[in-house]
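Where a number appears in this text, it was derived from the coordinates with a stated rule and is not lab data. Predicted model only: the values in this text are computed from it and were never measured. Ideal geometry is used to build each Cβ from the backbone, glycine not excepted, and the neighbour counts take in all protein chains shown.
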Amino acid sequence: MATCKVLVSEALRVYTGGKAKIGGDGGSVAEVFAGVAGEYPELMRHVFSETGRMRNGMTVFLNGADIRFGGGLQAAVKDGDTLNLHAPLLVG
């Protein structure tokens, strides 16, 4: 099991008590987020739908690479990896 940093975009920090950086453990991106859900359930409700799929517009980077093009939520993580979690930007 790896320990990773999860960097949270400003739009989502309201669900982390204002924290920009949180931690998570797991062997994959999905496992890290499952662990994060225990501490920040409201954050995960905004990232994932009721069916467990990432909501439209959410973007996750693993060490700077978009997970959609490299394993998705099942992408393996290792100690010290960084996940960046970004919400869609809506401009009106």
Residue of Thr82, Thr51, Thr16 that the Gaussian network model of the chain assigns the largest fluctuation, springs spanning Cα pairs under 10 Å: Thr51
For the range 14-30, Karplus couplings with θ = phi - 60° (6.51, -1.76, 1.60), whole Hz, Gly/Pro x: 4, 8, 10, x, x, 6, 8, 10, 10, x, x, 10, x, x, 9, 4, 4
Gain in span if fully extended, Ala76 to Glu39, counting 0.36 nm per residue against the direct Cα distance: 11.2 nm
At R0 = 30 Å, FRET efficiency that the Cβ-Cβ distance of Lys5 and Glu50 yields, to 0.05: 0.65
Amide H within-cut-off set for Ala75, under 5 Å, with H built and near neighbours excluded: Val29, Ala30
Residue-averaged 222 nm ellipticity for the chain, from DSSP H runs of 4+ at -39500 (n - 2.57), nearest 500: -5500 deg cm²/dmol
HN-Hα J in Hz across the range 59-68 - Karplus 6.51, -1.76, 1.60, θ = phi - 60°, x for Gly and Pro: 10, 10, 10, 10, 6, x, 10, 4, 5, 4
